[in-house]
Structures are given as structure tokens and as C-alpha cells.
Amino acid sequence: MKSFREYRSGNFKPIYEAKKMLDISIQSASKYLTNNAKKAEFLTIPLIIEAKYDGVKVTIVKIANTGRAEEDYLVSYKNNLIFPDEFEFVSKTHIKTKSIGSSQFQFVWDHLKKLRKNKIPVGTELFLEYLMKKPTLSSKYTKLHGMVLIGHSKSSYEIRGAKLFTSPQGFFTNKREEYANEMKLGVPEVLFDGVLTPKTSFLKGIKNETLKNLYRERADDINWDDQDSVILSISQMLLDIPSRFGGKEEGIVIKYKNKNTIIKFQQEYQVDQDARRKIKAKYKGTPEEEKQYWDNVYKVVDDIMKKIDIFDLQKALKDVAKYLKTYKPTFGHPVKNNDMIKEDIQLSAKMMISKKLPGSNGALILGKFRVFSIAHYNMIKEAQAKYNTVTIAIVSSKETKGTKKLRNKILEDCLSSFGNIEIINTSSGNLVTIINKATNNINTVIAGTDRVKNYEQQLQKMKGIGVYEVKRTDADISASKIIKNLEDFEYFKKNTPKCSWKYYDEYLEVYQG
């Protein structure tokens, strides 16, 4: 059996380096059906409508076909590797009935361990919707921990530290039924297959018995000659179908059969931020209680870190689980029980371990980069030499979103020779949001003197991430000053890297045109 260390070290090499994760987000119908032509097309061409599930996206990569799950599969959530034995400290009863945390991924591994050799090709990535209990999920399923295969692809992978990066060739569903049968997984339920109008056509395309009953109840009340009325009525019928997992689904996915278009309708509460905040609040104490709680959690984590070998990830997580199996919390939480507290300790310990693994020393630099200055370039170049990876977060506010494309193009061009750079985009300067969005691990946030205090405050709850201060010198000219003197090309050249000079006219058009 290959160990995780062997996979990580390159004895099982990826086909090519992973660069970007596949974006499988779906556009909202309200943002797509914006004119009468699109609405008419929607109502008169063949569609397939499926249930959309309110779970988390889990990736499974098949890397061998021995019939032994630990050797055959890699499992990850948000790029974070999940191992089959890291949750041994908590009972299955707790996981099934009380857990709101990562221990629920144990059931994914339990399922995989029941499988044998199958016909799915090695090098296949499977995209799953996993129905778990989580403070950020709104649907109230009564049958949790179901797994639904939503797509697949031929793929390669790379492991960096505790993270899995994949390079799928696309998002495919042509073999979904076959692969789901091999893996004993569910597939999205087809609710409708056909054309939505006229009335008789809609009835003919219905594939769900409940939808058929809803049609019989409501069809005569719909104005079938009015586009908006038909779309509203049909979408509501589809959203009212109960889930096979209990409660209601998150929404529905509509696939256009004659072109590559996919849109979705969602339940109102899925896009209600207040509702989501209320769900999160159910599992939190006051700010003071939360601060004290997490201080206590990290005291235990610090103690664990002194007792384990942190340079072998899988062994370290086994040691954490062994420690927590007999550990009895000496502190409490207003809402969470002892098992939930131990889950928080385990996840925090895993995060700390991952930050200390070889190759995981990453830095973050964020800014608007309205003009890419020499000061920016030198800061990134210095960080690139010092850290394993550097994540550049381009922040776009209301004032700068119009230049987002240009700023991305210039940074990508100027940093193209830097092999360990990741560029992400964000509309928020919130560090927690940015760090969670980055694929690379972040140990350090690099900041100018004026930002240090604010960043340190934001990072109080993110143990193991520090702020490195870069003091500005008289030679470091700000982007604002460059923009103010933009008509002077010699001044521009003096204060920007050579790679950006060819974009001078575009800068002029943006800031003075």
C-alpha cells in the first residue's frame, strides 16, 4: 500500500501541474432571463430540469483500482484533503445526529470502503454534492449524509502540503449514471424533460409524480399566454416539490438541450443573507464568549503540537485523533457539546499542521493595484524569493471595478515568469474572506505600515497567520501619485516596471479619457 508520503513526494506523479480549479457555479435564472427573447426561447426549446441539492462540493479522484479505498481514492473539500482515519476520536452516533463539522466526511470514507474494484478509469475526478449539516446550509433535510454524483471528468492532480489541486478537462455528465452505479451513488433527480409550453407540452415532459399532481392543481390558474406568468408559475411548482431527502431542495437546475446553457432557480431563503446569519448565530455565543472559547481551543492545539510529529500529515492527524479520543474538555461553549468542541480542536490542529508542512509557507499581498508600480513589483519579487507561494489578491471596489480586466492583464503579464504566484480577485478587503478564497496556504500577510494594525485585528481568530510589515521608502511612489502625473510618460516609466510600459495608453484612456 502506498503511503500518503509516497503520493506527496512524487512517486505517483501528476500528469501536469494544476493551475486553476474548475468553476462549476451556475448562473441565476433571474440574471439570465432578462429580456423577452430569452424568455420566449426558455419556454419553447427542449430543456432538462433536475433537482439542485443543498450540500457541499466534495471531490473524489480515483488514483488506482486495487479494491482498497485508502489506495484507490483521494477525497477533498475546498481543496483540503480528507483522510479515512482522522475522525476516530468521535462516535458515529454523534457524527450522524449532532455534528455540524468536518467529522461528517467520515461517512464518505465509510462508503468508499464498502466498494470493490470498478470500471471507472483511473485518473477520473468525480464531483459530488454531499448533504451534511452545516451552519451555512439552509435546507432542512431529514435524511442527511446522502451523496449525489453531479459530474465527472478525466483529471490529473497535485498535492501541495495538505491540499489537493486537480486539473479536470471539463465538467461532464454523459457517463454519470454509469459511474454512479459503479460507485453506488445517487444522481440528480430529473423532474422534467421536454418543452415548457404550450400547456399540453408541459404535461408531456413531466417526469416527477408530485409535479404532475401540482400541475393538475394549478394549470388552469396559469395565464399560458403571458411569459412572465408562465415562468413564475412553473418555477414555483418545481420549487414546491419535496426532496427525496426530506424537506425541500435548494432549487432546480435547467439545462438547455440544444446549446451549452445552464441556469438555476433557488428557494427564496437560499439567497436571504439574514436567514443565513440567523442559522450561523444558532451555534455561536456572544463575541466575548467566542473569543474566550477559541483562546481555549488554541491552548489545547498548542499542547497537541508539542506532542506530535508535524512533518508527516497523515500520521500527525492519526496522533491528533488518538489524543482527542481520551481528552475531556476542561472548558465549555454556550451551545456546543464536548464532541463539537473536540471537532473544533481537531480542525484547528489540522490547520496548524498544514501550515508547517514542507512547501506550505505562503504569503498574501492584497491591494487595488490601480497602477502597477515598482514598489508593488519589488514587494512581490521579494516575497516570491522568500516564500513557497505568493497569493496576490486584486481588490475591486465600486470605483475600480471598471479597470478590473486591465489590472488583471497587467499583473498576469508582469508576473508570468514567477512560478509560484497565484492571482485571485475579490470585492472585499476582508482578510478572512480572501484567505478562504485562496487555493494556496497563507502563513503571512504582507502589508504597508498603515495597514498592519488593521490586519492584525482581522487575523485575531486565524491562528498561525502573521503580518509582515513593509516600510515605504522615499523611493516608493504611490499609485495615486503616478495617476496624478500620468501625462508625464518619463515619470510613469521611472515609477513602474518595464513590463507595464506597453499599457501606458490604456492607463491614459482609463484615468484621463
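Values in this text are rule-based calculations from the coordinates and carry no lab data. All figures in this text were calculated on a predicted structure; none of them were measured in a lab. When we count neighbours, we look across all protein chains shown, and the Cβ atoms used for this are built from the backbone with ideal geometry, even at glycine.
Of 470, 402, 391, which is farthest along the charge dipole of region 362-512 in the positive direction, counting Lys and Arg as +1 and Asp and Glu as -1 at C-beta?
Working it through, the farthest residue towards the positive pole turns out to be 391.
So how far apart, in nm, are the two label points at residue 279 and residue 398 if each is 7 Å from Cα heading toward Cβ?
In this crude label model, residue 279 to residue 398 measures out at 2.9 nm.
Run the quick spin-label model on residue 295 and residue 490: label points 7 Å from Cα toward the beta carbon, then report their separation in nm to one decimal.
5.9 nm
What distance in nm separates the simple spin-label points at residue 41 and residue 169, each placed 7 Å from Cα in the Cβ direction?
2.8 nm
Rounded to whole Å, give me the distance from the Cα center of region 234-283 to that of region 428-504.
A separation of 39 Å, based on Cα centres.
Tell me which residues come under 5 Å, amide H to amide H, from residue 336 once H is placed; ignore anything under 5 positions away on its chain.
For residue 336, whose amide H was placed from the backbone, there are no distant partners under 5 Å.
Where the centre of each part is set by its Cα atoms, how far does region 185-231 sit from region 53-117, in angstrom?
37 Å
Please compute the volume of the convex hull spanned by the alpha-carbon atoms of region 311-353 and report it per residue in Å³. Show your work: numbers first, answer last.
Values: hull volume 2.9 nm³, N = 43.
Convex hull of Cα atoms, per residue: 67 Å³.
For residue 195 and residue 449, calculate 0.36 nm times their separation in residues minus their Cα-Cα distance, and state this gained length in nm to one decimal.
Extra length from residue 195 to residue 449 when fully extended: 85.4 nm.
What stretch of the chain, leaving out the sites themselves, is the longest with no GluC sites (Glu not before Pro) in a DSSP loop having at most 10 other Cβ atoms within 10 Å?
1-398
Excluding residues fewer than 8 places away in the same chain, name every one of the aspartates and glutamates whose C-alpha is closer than 13 Å to that of residue 133.
Correct list for residue 133: 54.
With point charges of +1 on the Cβ of Lys and Arg and -1 on the Cβ of Asp and Glu, referenced to the Cα centre of region 284-356, which listed residue (323, 341, 301) lies farthest in the positive direction of the dipole?
323
Please report Rg over Rh for region 284-356, where both radii come from the alpha carbon positions and Rh follows the Kirkwood definition.
Details: Rg = 12.3 Å, Rh = 12.6 Å.
Over the Cα atoms of region 284-356, Rg/Rh equals 0.98.
Considering the alpha-carbon set of region 362-512 alone, what are its Rg and its Dmax in angstrom?
15.1, 46
Go through region 429-479 and name the trypsin sites (Lys or Arg not before Pro) that are in a DSSP coil and have 10 or fewer other Cβ atoms within 10 Å of their Cβ. List each step's numbers first, then the result.
On the way: sites: 437, 451, 453, 461, 463, 471, 472; in loops: 461, 463, 471, 472.
Those that pass, being in a loop and sparsely packed, are 471.
Note down the Stokes-Einstein diffusion coefficient of region 380-429 in µm²/s, whole number, using a Kirkwood radius over alpha carbon pairs, 4 °C, and 1.567 mPa s. Walk me through the numbers on the way to the answer.
On the way: Rh = 11.6 Å.
Translational D for this selection: 112 µm²/s.
Of the cross-linked pairs 184/259; 154/184; 31/398; 280/342; 356/498; 184/322, which ones have a Cα-Cα span greater than 27 Å in the structure shown? Don't skip to the answer; put the middle values down first.
On the way: 184/259 30 Å; 154/184 19 Å; 31/398 20 Å; 280/342 19 Å; 356/498 36 Å; 184/322 31 Å.
From the list (184/259; 154/184; 31/398; 280/342; 356/498; 184/322), the Cα-Cα distance tops 27 Å for 184/259; 356/498; 184/322.
Nearest 20 debye, what's the magnitude of the dipole of the chain about its Cα centre given +1 on Lys and Arg Cβ and -1 on Asp and Glu Cβ? Let's see the in-between values first.
Details: 87 positive and 62 negative charges, 207 e Å.
Approximately 1000 debye in magnitude.
Taking only Cα atoms of region 191-273, what ratio of Rg to Rh do you get with Rh as the Kirkwood inverse-distance radius? Please list the in-between numbers first.
On the way: Rg = 13.0 Å, Rh = 13.6 Å.
Computed over Cα atoms, the ratio is 0.95.
Tell me what the chain gives for mean residue ellipticity at 222 nm when only DSSP H runs of n ≥ 4 count, each as -39,500 (n - 2.57), the sum divided by the residue total, rounded to 500 deg cm²/dmol. Working shown, then result.
Values: 21 runs with 196 residues, N = 513.
Mean residue ellipticity at 222 nm (helix-derived): -11000 deg cm²/dmol.
Taking every pair of alpha-carbon atoms in the chain, what share in percent sits in each 20 Å bin, from 0 to the bin with the longest distance?
All Cα pairs, binned at 20 Å, distribute as 19, 48, 31, 3 percent.
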